[in-house]
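As structure tokens, the structure follows; a few thoughts come after it.
The values are calculated or read from the model by the stated rules, or taken from the named source; none is laboratory data. On a predicted model such as this, the values are computed, not experimentally measured, just so you know. Cβ placement follows ideal geometry from the backbone for every residue including glycine, while neighbour counts extend to all protein chains displayed.
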Amino acid sequence: MRAVFKRELMSYCYNPMAYILIGLFILLSSVFFVINLYGANGDFLWNLEMMRFILVFIIPILTMRILAEDRKTGTEVLLITSPVSLTGVVLGKFFAAFVVFLAMTVITFVYPIILVAFGASITPPLIGAYAGFILIGASLISVGVFASSLTENQVIAAVISFMSLLIIWVIEPIGYSLGGIFSTILNWLSVFSRYNDFAAGILNISSIVYLISFTAVFLFLTIRVIERRRWSQG
């Protein structure tokens, strides 16, 4: 797994698209930060809300090539026949994308630092919100990795991932609009609704377990997709 992780991480380092995505994410986050300071209520949690929404567009592009490119170039055959297990291959690629996401997230720490410099204080809700943001990011990346395993076309992988993340995003507002038992079920299923506890400074164990389980399920599905393709090819 370590070899796959290093190889994938280095491919991100030498890929201009990774830097473009990081730059775009920081640019949009900065725009929302300025809007929040001068036109909204000045609550940084609002920024994190907007940053979550940006991920719906950023992550499909970040993950679209992660498995699709290997399949298109034929290197997938070398990977699945190497001594590294399929689990190690998928986890290595997932963690490489996750590290890039963490790098984007760490850069945004400058925003609360700026607020502290102007007299604000770091509160437990902010720390919890960042923890929730990172866990949600991992969940969305796992969906992107799964989408990339379904096709050798990077654009199709990005579209599948984007549509999937968009559905995940709208589950929560749909639940609220329906009300009743449907609202309860959809809110329980929603990844983004789990963020509410973190934003309130509550490290809810059930939400943490749900987000980790959500990530694990999509990584497992990715492994099954590649495994099925391996057996079908003999």
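Go through the stretch 31-48 residue by residue and tally those that are without any contact (Cβ under 8 Å) to a residue 60 or more places away in the chain and either part of a helix (DSSP H, G or I) or charged (D, E, K, R) (or both).
Counting residues in the stretch 31-48 that are without any contact (Cβ under 8 Å) to a residue 60 or more places away in the chain and either part of a helix (DSSP H, G or I) or charged (D, E, K, R) (or both) gives 10.
Would the stretch 58-81 turn up any residue that is modelled with pLDDT of 90 or more and either surrounded by fewer than 18 Cβ atoms within 10 Å (Cβ to Cβ) or out of contact with any helix residue (DSSP H, G or I) (no Cβ under 8 Å at 6 or more places or on another chain) (or both)?
No, because not a single residue in the stretch 58-81 is modelled with pLDDT of 90 or more and either surrounded by fewer than 18 Cβ atoms within 10 Å (Cβ to Cβ) or out of contact with any helix residue (DSSP H, G or I) (no Cβ under 8 Å at 6 or more places or on another chain) (or both).
So which residues in the stretch 177-200 are free of Cβ contacts under 8 Å to residues at least 40 places away in the same chain, within 19 Å of Ala138 (Cα to Cα) and not in a helix (DSSP H, G or I)?
Residue satisfying the conditions is Ser190 alone.
Of Phe218, Phe198, Phe214, which residue is crowded, with 18+ Cβ neighbours inside 10 Å and within 19 Å of Ile127 (Cα to Cα)? Break it down into steps so the answer makes sense when it comes.
Details: Phe218 fails: within 19 Å of Ile127 (Cα to Cα); Phe214 fails: within 19 Å of Ile127 (Cα to Cα).
After ruling out the rest, the residue left standing is Phe198.
Only one of these conditions is not met by Leu203: (1) surrounded by fewer than 15 Cβ atoms within 10 Å (Cβ to Cβ); (2) assigned to a helix (DSSP H, G or I). Which number is it?
(2)
Would you point out which residue out of Ile208, Ile167, Ile174, Ile226 is assigned to a helix (DSSP H, G or I), loosely packed, with under 13 Cβ neighbours inside 10 Å and not polar (S, T, N, Q)? If you could, list the steps in order and put the result at the bottom.
Numbers: Ile208 fails: loosely packed, with under 13 Cβ neighbours inside 10 Å; Ile174 fails: loosely packed, with under 13 Cβ neighbours inside 10 Å; Ile226 fails: loosely packed, with under 13 Cβ neighbours inside 10 Å.
It is Ile167.
So which of Ile127, Ile54 ends up being part of a helix (DSSP H, G or I), at pLDDT 90 or above and out of contact with any strand residue (DSSP E or B) (no Cβ under 9 Å at 6 or more places or on another chain)? Break it down stepwise before answering.
Values: Ile127 fails: at pLDDT 90 or above.
Only one candidate qualifies: Ile54.
Just wondering, is there one or more residues in the stretch 181-203 that are charged (D, E, K, R) and farther than 20 Å from Ile59 by Cβ? Working first, answer last.
First, pick out the residues of the stretch 181-203 that are charged (D, E, K, R): 194, 197.
Narrowing the set further to residues that are farther than 20 Å from Ile59 by Cβ leaves 197.
Yes, the conditions are met somewhere in the stretch 181-203.
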